[in-house]
């Protein structure tokens with residue numbers, strides 16, 4: 001079973017959603033057969049490498065709310081994150097452009113480290129107050145999870161995986177994804193938002209049960225042109241000339 005998750009590393013609901021999804025997979029009978037692929041989604045593709053100023057004020061301005069309302073929203077998210085075992089500190093957050101972070105996640109995916117890097121980026125941004133768009137910071141975080149320093153340097157110095165990030169974002173648009181996290185299970189079930197673990201578990205179970213059976217499109221004589229445990233069928237050639 002393949003689960004693709006579109007998300008951004010500065011999205012609090014994405015961090016919460018990841019925790020809830022992992023809780024669902026732990027309870028899923030076939031959890032060891034779930035392949036997770038993290039897809040790129042930028043909440044603000046135009047963001048500078050590093051935002052200056054107050055995060056609370058930017059939040060209030062973006063959503064047309066007062067500073068007090070923005071602070072209350074962050075406090076609520078902090079409480080919800082704590083319920084999932086996450087330690088949010090919005091007062092430390094240093095937001096910025098996440099394009100390079102997504103490129104490094106594609107690199108991590110090729111080396112079986114995507115989940116680890118995703119966790120590290122979430123923790124760096126929401127807990128430790130690391131500047132998430134800073135190349136030096138990203139390099140250190142990527143190396144911490146086991147990625148080769150030379151490979152990380154090569155990505156950050158060029159445009160490797162840029163097309164892969166853009167392809168993920170284009171696919172999200174084609175699927176109608178307007179917000180994240182967004183979960184796609186076996187390309188047959190879509191779940192929008194950081195839904196509770198119980199709901200995500202139900203989706204996993206339904207997807208497992210509803211896997212379509214194999215439909216044979218060739219049988220009979222065609223099936224003989226194959227190999228099995230007893231060997232390979234050898235076709236008869238034309239009769240030898242006398």
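Values quoted throughout were computed directly from the atomic coordinates according to the rules given, and no laboratory measurement underlies them. From a predicted model like this one, the values you see are computed outputs, not experimental measurements. Quick reminder, even Gly has a Cβ in these numbers, built from the backbone with ideal geometry, and neighbours come from all protein chains shown.
If I filter the range 198-209 for residues that are closer than 27 Å to residue 107 by Cα and free of Cβ contacts under 8 Å to residues at least 12 places away in the same chain, do I get at least one hit? No, every residue in the range 198-209 fails to be closer than 27 Å to residue 107 by Cα and free of Cβ contacts under 8 Å to residues at least 12 places away in the same chain. Within the option set 150, 142, being assigned to a helix (DSSP H, G or I) and surrounded by fewer than 14 Cβ atoms within 10 Å (Cβ to Cβ) holds for one residue only, 150.
Taking the range 192-206 as the range and being touching a helix residue (DSSP H, G or I) at 6+ places or on another chain (Cβ under 6 Å) and not in a helix (DSSP H, G or I) as the test, only 194 passes. Counted as qualifying within the range 1-114 are the helices (runs of 4 or more DSSP H) with 2 or more residues that are closer than 20 Å to residue 168 by Cβ, namely 12-27, 99-110. The number of residues in the range 117-132 being out of contact with any strand residue (DSSP E or B) (no Cβ under 8 Å at 6 or more places or on another chain), within 22 Å of residue 151 (Cα to Cα) and either assigned to a loop (DSSP other than H, G, I, E, B) or touching a residue at least 40 places away in the same chain (Cβ under 8 Å) (or both) comes to 3.
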